[in-house]
Amino acid sequence: MARPDKAAAVKEIKQQFENSDAVLLTEYRGLTVAQMHELRVSLGENVSYAVVKNTLTAIAAKEAGINDLDEFLNGPTAIAFVNGEPPEAAKALRNFAKANSQLVLKGGYWDGAVLSAENVNKLADLEPREVLLAKAAGAMKASLHQAAYLFTAPMVKAVRTVDALREKQDDAPASDA
C-alpha cells in the first residue's frame, strides 16, 4: 500500500500536470540555492518551478494521461509548470541555461505532444503571442485591401471609359440637323 505522503505528492503533481498549459523538464545538478531562487524569479509568476521525484512524477504523468515522459525522468529533475505562454517560459529557461551551464533542458510536454530538448529550444525561438497576432492581422488587412482593390477595379475602369467617351463626344464638332 502506498504511503499517504507519497499518494498526496502524486495527487499534487497530477493536478499541476492537468492545470498547466505546458510542462518543461530540466536537470538542475550543481545549481546553488541562490541560483535556483534566481531561476524561479526569472520564470515569473505564471510558472511554478519544483524539484520532483522521478518515480512519483512518472506515476502522476500517467494518471494525468501524459505518456512518454519517462525518458526525461532520470537524474535530478525539476519541472516548470507553465500557466500562460509556454514560449516565454522556454525562453527564460534557455537564457538561464546559457548563463549557468549546470541547468540542462531535458524536454517537455505541450499541446498534447512530448517535446525534446531541441523542440523546447525551438519553442523558445517563437515570437510572443502579441507579435504573432499582429503579423496575422497585418497579413489579413493586406489581403482585404487587395481584395477591395480587385472588386473596385472593374467599376473604376467602367467609369473611366464612360468619361473618355463623354470627352470624345464633347470634343466632336456638333453636326447641324
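Values quoted throughout were computed directly from the atomic coordinates according to the rules given, and no laboratory measurement underlies them. As the structure is a computational prediction, the values presented were derived from the model and not from experiment. Ideal geometry is used to build each Cβ from the backbone, glycine not excepted, and the neighbour counts take in all protein chains shown.
Pick out which of L31, L105, L123 has the largest mean-square fluctuation in a Gaussian network model of the chain, springs linking Cα atoms closer than 10 Å.
L31
Using Cα springs under 10 Å in a Gaussian network model of the chain, which residue among V41, V104, V120 shows the largest mean-square fluctuation?
Among V41, V104, V120, the largest GNM mean-square fluctuation belongs to V41.
Could you work out the helix-only [θ] at 222 nm for the chain, with each DSSP H run of four or more residues adding -39,500 (n - 2.57) and the total divided by the number of residues, to the nearest 500 deg cm²/dmol?
-19500 deg cm²/dmol
Can you give me the C-alpha center-to-center distance between the stretch 71-111 and the stretch 141-165, rounded to a whole angstrom?
Answer, in whole Å: 54.
Against the globular-protein guess of 2.2 N^0.38 Å, express the Cα radius of gyration of the stretch 1-119 as a ratio, rounded to two decimals.
The stretch 1-119 yields a ratio of 1.00.
Just grab the label-to-label distance for F151 and A137, each label 7 Å out from Cα along the Cβ direction, in nm (one decimal).
Computed distance between label sites F151 and A137 equals 2.1 nm.
Give me the percent of DSSP beta bridges within the chain that run antiparallel, rounded to the nearest 5.
100 percent
Long-range amide H contacts for A22: which residues qualify at under 5 Å (H placed 1.01 Å from N, peptide plane, sequence gap of 5 or more or a different chain)?
V82, G84
Between R160, R40, R94, where does the largest GNM mean-square fluctuation fall for the chain, given springs only between Cα atoms within less than 10 Å?
R160
Too long at a 22 Å Cα-Cα cut-off: which of K14/K53; K14/K98; K14/K106; K11/K53; K98/K135?
Among K14/K53; K14/K98; K14/K106; K11/K53; K98/K135, the Cα-Cα distance tops 22 Å for K14/K98; K98/K135.
Please work out, to two decimal places, the log10 of the ratio I(q)/I(0) at q = 0.18 Å⁻¹ from a Debye calculation in which every Cα of the stretch 115-154 carries one identical scatterer.
The Cα Debye sum returns log10 ratios of -0.63.
Compute the convex hull volume of the Cα atoms of the stretch 34-177, divide it by the residue count, and report the result per residue in Å³ as a whole number.
184 Å³
Could you state the orientation-averaged shadow area of the convex hull built on the Cα atoms of the stretch 134-177, in nm² to one decimal?
3.8 nm²
Can you give the angle from 0 to 90° between the axis of helix 86-99 and the longest principal axis of the chain, with both taken from C-alpha atoms, to the nearest 10?
60 degrees
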